[in-house]
Amino acid sequence: MKKKEGHPKKHRSSFRRALNRIAEFVRLRFVDGRSTGEIMGTLRSETDRRTMAAVASLDLPQKDFEDLIAGEQPDLRSDLMALRQNAWRILRGYL
């Protein structure tokens, strides 16, 4: 039996939405100068809070961030690292 694969357009669309959300948080935090706490206070979903935490982690040196998430589950560590990398790429576009 053949394994079903996700629809490519749907995957691209959700990835694009995720990048747009990261970009929004980068802009709010580092361009508009809003505090992490202020932004976090407006977020309802766990996904948005995780994304914002990764964006806020750009204030930390890479090694400190790695130490901070070292005790997390491997999947979560991987997600946080990817979010942080994408946030950094977006932030560099503002510099």
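Any read-out appearing in this document is the output of simple, stated calculations on the displayed coordinates, not a laboratory observation. Quick caveat, the model's predicted, so the values are computed rather than measured. A quick note on method: Cβ atoms are made from the backbone with ideal geometry, for glycine too, and the neighbour counts reach across all protein chains shown.
Can you pull the one-decimal nm distance between simple spin-label points at Thr42 and Leu76, each 7 Å off the Cα toward Cβ?
For the pair Thr42/Leu76, the computed spacing is 2.6 nm.
With r defined as the distance between the Cβ atoms of Arg17 and Arg92 and R0 fixed at 25 Å, what FRET efficiency is calculated, to the nearest 0.05?
That pair, Arg17 with Arg92, gives E of 0.75.
Testing the spin-label approximation: label points 7 Å from Cα along Cα→Cβ at Arg50 and Ser35. State their distance in nm.
It is 2.7 nm.
Using the Cα centre as the reference, give the magnitude of the dipole from point charges on the C-beta atoms of the chain (Lys, Arg: +1; Asp, Glu: -1; all else neutral), rounded to the nearest 20 debye.
800
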